[in-house]
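First comes the structure, then the notes that go with it.
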Amino acid sequence: MIAEQEPDVTASDDTEPVPLQLGPKQKRRETSDRRMLRAATSLIGRKGTAGANLAQIGLDAGYSRGLPVQRFGTKFNLLEAVLDAIQDRFMRHVEKRVGDKKGCEALVERIRLQLEAVHEMPESAVALYQLIVDSTGSIPELRPRVVALHKAYRDNLREYMLQAREMGQLRPDVDIEQSVRAISGAISGMSIQAIVDGTTDRLGEDAGFIADLFVSRVRGQTQPASSAI
């Protein structure tokens with residue numbers, strides 16, 4: 001439950017609002033949800049969606065076999081929750097990594113981050129690609145959620161490219177939509193290739209190469225290289 005605090009009617013208008021505090025029960029629920037989603041992500045990464053047994057997820061998370069069903073209802077709902085968690089976590093990392101950077105500088109950090117994340121969090125990356133593949137085959141009901149995730153990632157890339165255009169950093173003839181598709185596709189292709197080949201340890205170095213390659217392709221001739229990195 002959320003413990004709400006009664007407003008102080010004697011306080012002045014500039015009084016800082018008191019943040020809502022989570023009660024012990026709500027904190028325990030959020031903690032157990034996070035642990036089950038981590039356990040589900042790990043199991044999907046190792047055994048695919050077909051091997052993601054709800055009872056096993058509960059046990060792997062340190063809870064009862066029945067808690068995942070009690071909390072999420074169905075396996076499909078749990079898989080959607082895993083996608084939600086992966087997307088939310090990645091976007092938080094983007095915000096932290098990019099910080100106050102704008103335009104091409106932000107784009108470089110964004111490209112590097114997504115490739116580096118595959119190396120640093122391979123279980124999440126493998127689980128995500130398992131879910132993407134299965135959304136086109138064995139679990140077509142997941143496709144709308146996967147489409148939404150891809151859209152969110154592309155929208156984020158587009159945001160930085162539009163900033164770059166407004167800042168005068170792009171060549172006039174750059175097609176932003178084509179660039180976003182190309183960047184997104186290259187990241188996905190390199191990530192899958194590295195996972196299959198077992199070479200995710202190289203993605204850190206490759207991330208810098210790909211980021212610089214794309215930014216140098218779209219950057220205006222008057223922009224010095226140091227302005228993009």
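How many residues are modelled with pLDDT of 95 or more and either closer than 23 Å to His150 by Cβ or not in a loop (DSSP other than H, G, I, E, B) (or both) if we restrict to segment 52-70?
Number of matching residues: 11.
Please tell me if Tyr153 is surrounded by 14 or more Cβ atoms within 10 Å (Cβ to Cβ), on the phi < 0 side of the Ramachandran plot, out of contact with any Leu (no Cβ under 6 Å at 6 or more places or on another chain) and of a type in the set (Ser, Thr, Tyr).
Against the criterion (surrounded by 14 or more Cβ atoms within 10 Å (Cβ to Cβ), on the phi < 0 side of the Ramachandran plot, out of contact with any Leu (no Cβ under 6 Å at 6 or more places or on another chain) and of a type in the set (Ser, Thr, Tyr)), Tyr153 qualifies.
Looking at Ala106, Ala61, Ala117, which is the one that is within 13 Å of Arg38 (Cα to Cα) and surrounded by 18 or more Cβ atoms within 10 Å (Cβ to Cβ)?
None of the other options fit; the residue is Ala61.
Out of all the residues in segment 125-154, which are hydroxyl-bearing (Ser, Thr, Tyr) and touching a Lys or Arg at 6+ places or on another chain (Cβ under 8 Å)?
Ser135, Thr136
Which of the residues that make up segment 71-103 are of a type in the set (Val, Ile, Thr) and surrounded by 16 or more Cβ atoms within 10 Å (Cβ to Cβ)?
Val82, Ile86, Val94, Val98
If you scan segment 160-186, which residues turn out to be hydrophobic (A, V, I, L, M, F, W, C) and out of contact with any Leu (no Cβ under 6 Å at 6 or more places or on another chain)?
Met161, Leu162, Met167, Leu170, Val174, Ile176, Ala182, Ala186
Just to be sure I understand the filter: pairs with C-beta atoms under 7 Å, separated by 6 or more residues or on different chains, first member in segment 135-163 and in the same structural domain as Cys104 (by TED's automatic domain parsing), second member of a type in the set (Lys, Arg). Which pairs pass?
Going by the 7 Å Cβ cut-off, the qualifying pairs are Ser135/Arg143; Thr136/Arg143; Asn156/Arg110; Leu157/Arg110; Tyr160/Arg110; Gln163/Lys102.
The values are calculated or read from the model by the stated rules, or taken from the named source; none is laboratory data. All values derive from a computational prediction rather than experimental measurement. Here Cβ is always computed from backbone atoms with ideal geometry, including for glycine, and neighbour counts include all displayed protein chains.
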